[in-house]
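I have placed the structure first, in the form of structure tokens, so that the comments after it can refer back to it.
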Amino acid sequence: MMHNETYQNVSNKEPISCNLSSIYGDTAHHICCLIPVYIDGGDYTHCYYVDGRHEIIHKSIKSVLRDVARHEGVLANGVQSPRSAKPMYTDPRTLAPNMTFACLKARKPIGRDVVYGLFNVIIPFTYHIEPGPMPHTTYIIIGDFDPILVFHSPDHVQRKLRDALLEHLDYTKRILAKLSTCGNPYVVAEIYGASRTLAGV
């Protein structure tokens, strides 16, 4: 049974009051998380969106990630941080200024299928974690969605989500370092303010 007491907030503490479309573009396609699912012999992906929808995509999570990366104009493994000389598969990955994923085990292994889900830590509302029904399991609560079970302890989940937020901030700093050469301080200030709001800093 799920505990009623909240374990800890991980993302934004306050809702964003600005127009989300001005930051996210088409909010109907902005992803909260991608969860691998196994249905009728197929390796599919359960996709949750910022606007509250969720759907089953009849592709593996690797294929969905490649499609998202192609849409964002980056490689499927995302923008790698200079903090990690040899990034691991489960390290955070950034695909866009509003899309940095933490990698967490979201199902038990079925053959060679993917077991890790991707949780976007740059979303416009608070999410939190609670202890799961068994040891070393955790519920992630995102918006109004049903709790999502992951197979890690709450402490481990907390650390992985925090690492992803730090990765996002490193990514933002690198963008700002390049933008600082544009000579327009207003552009830099607007992007910096938006990034800090989205990261809950």
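The values are calculated or read from the model by the stated rules, or taken from the named source; none is laboratory data. All values derive from a computational prediction rather than experimental measurement. All Cβ positions, even for glycine, are placed from backbone atoms using ideal geometry, and neighbour counts span all protein chains on display. Please note that ligands, DNA and RNA were not included when accessible areas were found on the heavy atoms of the full protein model with its side chains. Shrake-Rupley method; radii C 1.70, N 1.55, O 1.52, S 1.80 Å.
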Problem set entry | Checking Thr138 against (1) at pLDDT 95 or above; (2) closer than 19 Å to His168 by Cβ, the condition it does not meet | (2)
For this session: Return the pairs, sorted by first residue and then second, in which the second residue is surrounded by 14 or more Cβ atoms within 10 Å (Cβ to Cβ), the first residue lies in the stretch 50-63 and is part of a helix (DSSP H, G or I), the beta carbons are less than 6 Å apart, and the residues are 6+ apart or on different chains.
Result: Ile61/Leu34; Ile61/Pro36; Ile61/Thr45; Ile61/Val114
Exercise. Taking the stretch 127-147, which residues are over 22 Å from Ala96 (Cβ atoms) and open to solvent by less than 30 Å² (accessible area, probe 1.4 Å)?
Worked result: Ile129, Glu130, Gly132, Thr137, Thr138, Ile141
Seminar exercise, completed: Ala69 fails exactly one of (1) at pLDDT 85 or above; (2) assigned to a helix (DSSP H, G or I), namely (1)
Exercise. What number of residues within the stretch 149-182 satisfy the criterion of being at pLDDT 90 or above and small (Gly, Ala, Ser)?
Worked result: 2
Problem set entry | Matching residues, the stretch 49-59, being open to solvent by 60 Å² or more (accessible area, probe 1.4 Å) and in contact with a helix residue (DSSP H, G or I) (Cβ under 9 Å, 6 or more places away or on another chain) | Asp51, Arg53, Lys59
Exercise. Within the stretch 159-173, how many residues are more than 11 Å from Cys103 (Cα to Cα) and either under 13 Å from the mean Cα position of the chain (by Cα) or among the hydroxyl-bearing types (Ser, Thr, Tyr) (or both)?
Worked result: 7
For this session: Can you work out which of the residues in the stretch 32-48 that are assigned to a strand (DSSP E or B) and at pLDDT below 90 is surrounded by the most Cβ atoms within 10 Å (Cβ to Cβ)?
Result: Asp43
Seminar exercise, completed: Within the stretch 93-115, residues being modelled with pLDDT of 90 or more, touching a helix residue (DSSP H, G or I) at 6+ places or on another chain (Cβ under 8 Å) and either over 18 Å from Val157 (Cα atoms) or not hydrophobic (A, V, I, L, M, F, W, C) (or both) number 1
